[in-house]
1. Go through segment B:65-84 and give me each residue that's more than 19 Å from B:Ala183 (Cβ to Cβ) and within 8 Å of chain A (Cβ to nearest Cβ).
2. Condition first: in contact with a Cys (Cβ under 6 Å, 6 or more places away or on another chain) and facing chain B (nearest Cβ under 10 Å). Now tell me which residues in segment A:59-105 satisfy that.
3. Tell me which residues, restricted to segment A:96-113, are part of a helix (DSSP H, G or I), surrounded by fewer than 16 Cβ atoms within 10 Å (Cβ to Cβ) and at pLDDT below 90.
4. Could you tell me which of the residues B:Thr57, B:Thr34, B:Thr87, B:Thr98 is of a type outside the set (Lys, Arg), at the interface with chain A (Cβ under 9 Å from one of its Cβ atoms) and touching a residue at least 24 places away in the same chain (Cβ under 8 Å)?
5. Of the residues B:Leu203, B:Leu237, B:Leu219, which is in a loop (DSSP other than H, G, I, E, B) and closer than 21 Å to B:Ala51 by Cβ?
6. Which pairs have Cβ atoms under 9 Å, sit 6 or more apart or on different chains, and link a residue in segment B:141-158 that is within 12 Å of chain A (Cβ to nearest Cβ) to one that is among the acidic types (Asp, Glu)?
7. Output the number of residues of segment A:73-100 satisfying the condition of being under 20 Å from B:Thr206 (Cα atoms) and of a type in the set (Asp, Glu).
8. For A:Ser54, only one of the following conditions fails: (1) at pLDDT 70 or above; (2) out of contact with any His (no Cβ under 7 Å at 6 or more places or on another chain). What is its number?
Amino acid sequence: MTPTVENDLPDQASFERWLARLLVAGLACAVLLLLTGVTLVAFGRGHDGLHATSVGALPGLLGRGEAAGFLDLGLLVLLAVPVLRVFCLLAAFARRREWWFALCSLLILLVLATGVVVGMKTW
Amino acid sequence: MLETVLLAAVGLVGGIFGSMVGLGGGIFIIPCLTLFLDVPIHSAIAAGLVAVIATSTSGSVAYLRRGLVNLRLAVCVETVLVAGALTGGLVGAMLDKTVLSAIFGGVMIGVAFYMALGRSVLAHAHVDRESVGLLGGGYQDAHSGQVVRYRVRRLPFGLLAGLVAGNISGLLGVGGGFMTVPAMVLIMKVPMRAAAATSSLMLGVTACAGAVAYFARGLVDPTVAVPVVLGVTVGALIGSRLAVRVRQSVLAAVLAVMLFALSVQMILAAAGIRVR
């Protein structure tokens, strides 16, 4: 594929298409988990216990096949999709030796990680 | 059960409008949840942020496939957007709900004016023909078949606007697209189509920064967020197909009127006056 402008790399278009496929896969995975949770709610598996749960409680809830576990995991997967996209950009920029943009991607991930830590401490 | 269906319906309409006009949809979803379904403002904002991630993810797919997203510019602006969104999210979770509702109503009036007047002005941004530089980019215009090239101008001012946009996003649970798109077009001189596409991708990570703070504090209520997210996902898919058939100017005008009416109700509700 011919680059559109001079700073495009030869694999630019294929990388963008790959990134699009990653977003589709992440969204599909999240929606599937949410629909599983909704189905379990419809069949009365954990309808009364629906509330915001902690990440630590997730394995137990999923193991017992409770709706809350699938719903929270689905929401977490959805939250993780943009983070995963930034990870991929970090790797792609580092591979191309575009260090300034790799550093920006790393900074974004650090701020997001700070958000998790600060949010949990405030809670 | 009826409430769940109504929540999904709000998400569906928000997703359709959001994807059709290039916004996250949170600016429509949050007032509908608080005004008509009596969802507490913090739960509504948390649901709005998660919904924006869904709209951004599904909306960005088409833009990436068409080569409209400027990934280098996206990561630069995202750096300040997430920093602003994180602080906004933490402050927002602590603010009194009346104050938050009043701020939301005020911002919505601004968005309504932007939808009514601003978008036509933005469409006439200049497109550059010289070297694109490190941050610039290009794309093939679908209508003319020409390659549109652009150079990014006044980056520090653009980043400053991004920081403010991120802060409002985290504070109010909206994507911030109504601020990032004009900032990129008017300050950084990025063409409208590239700005909307790049903004669409950035909304996801900005909303994520705000949502993380709400999630960590246990404020994401799955009984509200899940139906809204499912509705928004379907709505965004429908909206992206409808967008090519409906005139954008008509749609923007309709949305502006709706947002203005909702903003007035939001401000009145914050003052303790309920109008339905």
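1. The initial filter retains those residues of segment B:65-84 that are more than 19 Å from B:Ala183 (Cβ to Cβ), namely B:65-67.
Of everything in segment B:65-84, those that are more than 19 Å from B:Ala183 (Cβ to Cβ) and within 8 Å of chain A (Cβ to nearest Cβ) turn out to be B:Arg65, B:Gly67.
2. Of the residues in segment A:59-105, the ones in contact with a Cys (Cβ under 6 Å, 6 or more places away or on another chain) are A:77, A:79, A:82, A:104.
If the condition is that a residue be in contact with a Cys (Cβ under 6 Å, 6 or more places away or on another chain) and facing chain B (nearest Cβ under 10 Å), then A:Leu79, A:Pro82, A:Cys104 are the ones that fit.
3. Across segment A:96-113, the qualifying residue is only A:Ala113.
4. Working: B:Thr34 fails: at the interface with chain A (Cβ under 9 Å from one of its Cβ atoms); B:Thr87 fails: at the interface with chain A (Cβ under 9 Å from one of its Cβ atoms); B:Thr98 fails: at the interface with chain A (Cβ under 9 Å from one of its Cβ atoms).
Just one listed residue meets the conditions, B:Thr57.
5. On the way: B:Leu203 fails: in a loop (DSSP other than H, G, I, E, B); B:Leu237 fails: in a loop (DSSP other than H, G, I, E, B).
Only one candidate qualifies: B:Leu219.
6. The qualifying pairs are B:Val147/B:Asp141; B:Val148/B:Asp141; B:Arg149/A:Glu6; B:Arg149/B:Asp128; B:Arg149/B:Glu130; B:Tyr150/B:Asp128; B:Arg151/B:Asp128; B:Arg151/B:Glu130.
7. 0
8. For A:Ser54, the failing item is (1).
The values are calculated or read from the model by the stated rules, or taken from the named source; none is laboratory data. Owing to the predicted nature of the structure, the values given are computational and were not obtained by experimental measurement. Using ideal geometry, Cβ is built from the backbone for each residue, glycine included, and neighbour counts are taken over all protein chains shown.
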